[in-house]
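Following: one structure in structure tokens, then a few remarks.
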Amino acid sequence: MSILVEISENLQRGKAKMVKELVQQALDQGLSAQQILAEGLMDGMAVIGEKFKKNEVFVPEVLVAARAMNMGTALLKPILVKEGTKSVGKACLGTVKGDLHDIGKNLVRMMLESKGIEVIDLGTDVSPETFVETAKNQNCQLICCSALLTTTMGAIGDVVKLAEQEGIRDQVKIMVGGAPVTQAFADQIGADAYTSDAASAADTAVELCKKVG
């Protein structure tokens, strides 16, 4: 079995310590950081993402796999920075104003990062101004808004409106999600994309980053 397959399989099982050791071994064997990331870590996370979509694994399994991924990428990050690896795109992510839920948001962040998207995590209770200012100042291609309460859904619409007012709507794609959010709601407020789960959000985010360029 190749070491990259071992990394992928251990990541899927959430064996963080083992993943870290195998990543180091792969580096010692002369594999490039980029290859270890793509064919080992991202490959394993993609499998977990697909299983999560099909309800074959659940949030706890995704979180332990993501922790294993983070331990592996921590070793690779300095090397990737030195090699100047280009990220797929940049997103600012947060739960909207008045909403303090963060499990869904954290899952989306992990999935986006596993696809090579740089994420600025703004946390919870994020104002429309913070989303839009961050997108402008950090040159983000994506704004990702999450709402877990019907009472806070309206705040997503405020983000879209403010992005229009600030004149960045043609440069930034806005993605929305969360338990009460629907495709119909996304259409109504003029968001670019709605996804029902973290794995789909990551796939959609990659597509949107390609469009913004």
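The values are calculated or read from the model by the stated rules, or taken from the named source; none is laboratory data. Remember, it's a predicted structure, so these values are computed and weren't measured experimentally. Glycine gets a Cβ as well: all are built from the backbone with ideal geometry, and neighbour counts include every protein chain shown. We work out accessible area using only protein heavy atoms, side chains counted, and drop any ligands, DNA or RNA first. Shrake-Rupley method; radii C 1.70, N 1.55, O 1.52, S 1.80 Å.
Can you tell me which residues in segment 181-194 are open to solvent by less than 30 Å² (accessible area, probe 1.4 Å) and outside any strand (DSSP E or B)?
Val181, Phe185, Ala186, Ala191
Take segment 131-178 and flag every residue that is open to solvent by 60 Å² or more (accessible area, probe 1.4 Å) and not in a loop (DSSP other than H, G, I, E, B).
Scanning segment 131-178 gives Glu133, Lys136, Asn137, Thr150, Thr151, Asp158, Lys161, Glu164, Gln165.
Just give me the residues in segment 128-159 being under 20 Å from the mean Cα position of the chain (by Cα) and either on the phi > 0 side of the Ramachandran plot or without any contact (Cβ under 8 Å) to a residue 40 or more places away in the chain (or both), in sequence order.
Pro128, Thr130, Phe131, Val132, Glu133, Lys136, Asn137, Asn139 - these are the residues of segment 128-159 that are under 20 Å from the mean Cα position of the chain (by Cα) and either on the phi > 0 side of the Ramachandran plot or without any contact (Cβ under 8 Å) to a residue 40 or more places away in the chain (or both).
Being surrounded by fewer than 19 Cβ atoms within 10 Å (Cβ to Cβ), in a helix (DSSP H, G or I) and modelled with pLDDT of 90 or more narrows it down to one of Glu56, Glu61, so name that one.
Glu61
Restricting segment 10-33 to residues that are open to solvent by 70 Å² or more (accessible area, probe 1.4 Å) and in a helix (DSSP H, G or I), which is farthest from Asp197 (Cα to Cα)?
Asp28
If you check Thr124 against the conditions, is it part of a loop (DSSP other than H, G, I, E, B) and under 17 Å from the mean Cα position of the chain (by Cα)?
yes
Would a scan of segment 195-213 turn up a residue that is open to solvent by 60 Å² or more (accessible area, probe 1.4 Å), at pLDDT 95 or above and out of contact with any Asp or Glu (no Cβ under 8 Å at 6 or more places or on another chain)?
yes
Would you check if Glu207 is within 26 Å of Lys51 (Cα to Cα) and among the acidic types (Asp, Glu)?
yes
Mind listing whichever residues of segment 68-120 are closer than 18 Å to Cys140 by Cα, of a type in the set (D, E, K, R), touching a strand residue (DSSP E or B) at 6+ places or on another chain (Cβ under 8 Å) and not in a helix (DSSP H, G or I)?
Lys90, Glu118
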